[in-house]
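Working notes, structure below.
The values are calculated or read from the model by the stated rules, or taken from the named source; none is laboratory data. Not measured: the values here are computed from a predicted model. Using ideal geometry, Cβ is built from the backbone for each residue, glycine included, and neighbour counts are taken over all protein chains shown. Remember, those area values only see protein heavy atoms, side chains included, never the ligands or the DNA or RNA. Shrake-Rupley method; radii C 1.70, N 1.55, O 1.52, S 1.80 Å.
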Amino acid sequence: MDDDGLIRLQKLLAMSNVASRRKCEELMLEGLVEVDGEVVTRLGTKVDPRTAVIRVNGKRLPPVSEKVYLAVNKPRGVVSTMSDPEGRRTLQDLVADRPERLFHVGRLDTDTAGLIILTNDGDFAQRLAHPSYEVDKTYVAEVEGEIYRRTLKQLLEGVTLDDGPVTVSKARIIEAGKDKSIVEIVIHEGRNRIVRRLMDHIGYPVRRLTRTQIGPVVLRGLLSGEMRDLTLDELGELLDNAQL
């Protein structure tokens, strides 16, 4: 960066692995690069990589930052906090070798496994966890009994619990058997034990539950207890969701 903290746009794009420097210049000349809502075609344009809202072909490019954003596969039995007065295993135990002070984005029940996001960006964590931003969360539930298509219809039409209605965006049967079934449910809420209470309400108690996706971020490829950095595409979409 220059002394004033600015950098040539095509250089920043190349450094962010959008494409080669020459290809980035071509993208600019084709009108496919926006900075703060304005199409930028002039080569040599300088931007502040920490604050500029940059889009390439419509996709958000996250700003240059020292913040970290991690996707973690939380095992069952781990408490979704960074400390626990009862001495139970927590998320902090999974990231004990990280130097940052991390926050969890939302929670997962102790007996629920799967995807949770950790970050040291407090604004991001607070925004993304707030229900008004409606980030879809996908769960796979093993339930007691046989699930029928009419059950999915009931879920999609809406269910009202003691603390209010629950909106299910999508639902599909993965496996249906007499003793147990497996169903995938997409909701955007994060109320306490919401999926378990939802399925129990319609007569299908949950045996095992895993969160497999948050917005664009998928669990696939992460073993229990493992973590990875969010990709630029994932982070860019989540920043848009959080209006940051």
Val135: net charge of surrounding residues, Cβ under 11 Å, Lys/Arg +1, Asp/Glu -1, itself excluded? -3
Please list Leu27, Leu6 from largest to smallest accessible area, probe radius 1.4 Å, with all protein chains kept in place. Leu6, Leu27
Classify segment 196-244 as rounded, prolate or oblate, taking a ≥ b ≥ c as the square roots of the eigenvalues of its Cα gyration tensor: rounded when a/c is under 1.5, otherwise prolate if a/b is larger than b/c and oblate if not. oblate
How big is the shadow of the Cα convex hull of segment 1-41, averaged over all directions, in nm²? 2.9
Over the chain, consider all pairs of different Cα atoms and compute the Kirkwood hydrodynamic radius from their mean reciprocal separation; express it in Å, one decimal. 20.0
Hydrodynamic radius by Kirkwood, which averages 1/r over all alpha carbon pairs of segment 1-113, in angstrom: 16.9
Kirkwood-based shape ratio for segment 172-226, expressed as Rg/Rh from alpha carbons: 0.98
Show me the ranking of peptides 42-54, 221-233, 132-144 by mean Cβ neighbours inside 10 Å, starting with the highest. 132-144, 42-54, 221-233
Taking H as built 1.01 Å from N, whose amide H comes closer than 5 Å to the amide H of Lys180, not counting residues under 5 places away? Gly145
What list of ³J(HN,Hα) couplings, whole Hz, do you get for segment 38-48 from phi and the Karplus terms 6.51, -1.76, 1.60, once you set θ to phi - 60° and write x for glycine and proline? 10, 5, 10, 10, 7, 5, x, 4, 9, 9, 8
Rounded to the nearest 20 debye, dipole of segment 168-213 from Cβ charges on Lys, Arg, Asp, Glu: 140
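Could you order the peptides 169-177, 68-76 from most to least packed, using the average number of other C-beta atoms within 10 Å per residue?
In decreasing order of mean packing, 169-177, 68-76 become 68-76, 169-177.
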Calculate the tail of P(r) for segment 124-217: the fraction of all Cα-Cα distances greater than 18 Å, expressed in %. 41
Taking the Cβ of Pro205 as the centre, find all other residues whose Cβ is under 9 Å away and add up their charges (Lys, Arg: +1; Asp, Glu: -1). 0
Carbon and sulfur together cover what percent of the accessible area of segment 57-159 at a 1.4 Å probe radius? 43
